[in-house]
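**Student:** Pasting a structure here, questions to come.
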Amino acid sequence: MTEARQAEHREHLLSGLVAAAFTPMMNDGSLDLGRIPAVCNFVLGQGAGGLFLCGSTGESPSLTVDERMAVSEAYIEAGAGRVPTVVHVGHNSLTDARTLAAHAQKVGADAIALVPPSYFSIGSIAGLVNCLKDVADAAPDMPLYYYHIPRLTGVGLRMVDLLEQADEALPSLAGLKFSSFEFDDLLCCIRHGQRRYNVLFGSDEMLLAGLSMGAAGAVGSTFNFMGPYYRRVIDALGGGDLQQAQEHQLVATRMVHQILKHGGHNAIKAAMAVMGEDCGPPRLPWKALSGEAVIAMREELLDEG
């Protein structure tokens, strides 16, 4: 990637709320690509400034390579260039990750992101850089985001150490999705190289904390259907009213807690049906919530306002 191309990428940074998109599914667990245009329109109407496709929220570990390509292609078509689109291409097989990266570039994604292989652990920055470079080489014109989520990948390396190596070894690295709570490392990453990298935070219920550290924005699953709540946090903080930002964050955080009382990803996907557009059930190993749980969730969210 040329220096001019790198500079162009860094002029078009992700910011604000980047929605981690759901993968719509039929009751039998098959893809429901026909729902994607309506889902996409709803999410963008919530104020999302970007889409993050086929990540954890999109159930990418439970999808085949062909399914992941179909989902990303359908969202990119539905989005029609209205907001930047990042396609997550991480895979335990780097060969499959390269296939996904090349496809994302071909169909018009704005960037790719990836988690590292996690079955065989990566214990060094040098090993991580080698894996990222291997995938990046398959999509040489694409900005690359590293998806740092150590509680799932087991890769708990300091990200500022990665950025120091990437300055020379990974010219396509544009930034991080930082889904960890080591705020000292987050701050160092944000400030590294005079804010050279586009660092996005990855915890909805702690959005204010990430923004206060200087993150450019955040990637989150509840941004799909709670965008206005989080916009109030951003606007209050931008207006210098920290107390008001805290109050808005508290409302959103309580709502997230009400959702997570009923499960994990399955509860969040059910909340999308309650508050937004129905994306169907999750795929195994997740199980759909019972009808009783969905009714209880709806009532609890109404009580929260």
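**Student:** Quick check on the stretch 113-134. Is at least one of its residues free of Cβ contacts under 8 Å to residues at least 40 places away in the same chain, among the acidic types (Asp, Glu) and surrounded by fewer than 18 Cβ atoms within 10 Å (Cβ to Cβ)?
**Tutor:** Looking for residues that are free of Cβ contacts under 8 Å to residues at least 40 places away in the same chain, among the acidic types (Asp, Glu) and surrounded by fewer than 18 Cβ atoms within 10 Å (Cβ to Cβ), one finds none in the stretch 113-134, hence no.
**Student:** Can you name every residue in the stretch 260-305 that is of a type in the set (Val, Ile, Thr) and within 25 Å of Cys40 (Cβ to Cβ)?
**Tutor:** Narrowing the stretch 260-305 to residues of a type in the set (Val, Ile, Thr): 268, 274, 294-295.
Across the stretch 260-305, the qualifying residues are Ile268, Val274, Val294.
**Student:** Next question. Please note which helices (runs of 4 or more DSSP H) are completely contained in the stretch 1-80 and include at least 1 residues that are hydroxyl-bearing (Ser, Thr, Tyr) and modelled with pLDDT of 95 or more. Give the steps one after another, and end with the answer.
**Tutor:** Values: elements: 3-11, 36-45, 65-79.
In the stretch 1-80, the matching helices (runs of 4 or more DSSP H) lie at 65-79.
**Student:** Could you run through the stretch 157-181 and say how many residues are within 19 Å of the chain's Cα centre (by Cα) and without any contact (Cβ under 8 Å) to a residue 24 or more places away in the chain?
**Tutor:** From the stretch 157-181, those within 19 Å of the chain's Cα centre (by Cα) are 159, 172-181; that's our starting set.
Remaining after also requiring without any contact (Cβ under 8 Å) to a residue 24 or more places away in the chain: none.
Number satisfying all stated conditions: 0.
**Student:** Looking at the stretch 200-220, is at least one residue in contact with an Asp or Glu (Cβ under 6 Å, 6 or more places away or on another chain), modelled with pLDDT of 95 or more and crowded, with 19+ Cβ neighbours inside 10 Å?
**Tutor:** Scanning the stretch 200-220 turns up at least one residue that is in contact with an Asp or Glu (Cβ under 6 Å, 6 or more places away or on another chain), modelled with pLDDT of 95 or more and crowded, with 19+ Cβ neighbours inside 10 Å.
**Student:** Filter the stretch 287-302 for residues that are out of contact with any helix residue (DSSP H, G or I) (no Cβ under 8 Å at 6 or more places or on another chain) and part of a helix (DSSP H, G or I); which is surrounded by the most Cβ atoms within 10 Å (Cβ to Cβ)? Walk me through it before giving the result.
**Tutor:** The first filter runs over the stretch 287-302 and keeps only residues out of contact with any helix residue (DSSP H, G or I) (no Cβ under 8 Å at 6 or more places or on another chain), leaving 290-292, 295-296, 299, 302.
Keeping just the survivors that are part of a helix (DSSP H, G or I) gives 291-292, 295-296, 299, 302.
Values: Gly291: 8, Glu292: 8, Ile295: 12, Ala296: 15, Glu299: 10, Leu302: 9.
Among residues in the stretch 287-302 that are out of contact with any helix residue (DSSP H, G or I) (no Cβ under 8 Å at 6 or more places or on another chain) and part of a helix (DSSP H, G or I), the one surrounded by the most Cβ atoms within 10 Å (Cβ to Cβ) is Ala296.
**Student:** For the list (1) modelled with pLDDT of 95 or more; (2) out of contact with any Pro (no Cβ under 7 Å at 6 or more places or on another chain), I need the number of the one condition that Pro140 fails.
**Tutor:** Exception for Pro140: condition (1).
**Student:** Which residues, taken from the stretch 76-90, are under 22 Å from Leu176 (Cβ atoms) and either aromatic (Phe, Trp, Tyr) or surrounded by fewer than 24 Cβ atoms within 10 Å (Cβ to Cβ) (or both)? Walk me through how you get there before you give the answer.
**Tutor:** Start the filter on the stretch 76-90 by keeping residues that are under 22 Å from Leu176 (Cβ atoms), which leaves 83-90.
The answer is Val83, Pro84.
The values are calculated or read from the model by the stated rules, or taken from the named source; none is laboratory data. Remember, predicted model here, so these are calculated numbers, not experimental data. Cβ coordinates were reconstructed from backbone atoms using ideal geometry, including for glycine residues, and neighbour counts include every protein chain displayed.
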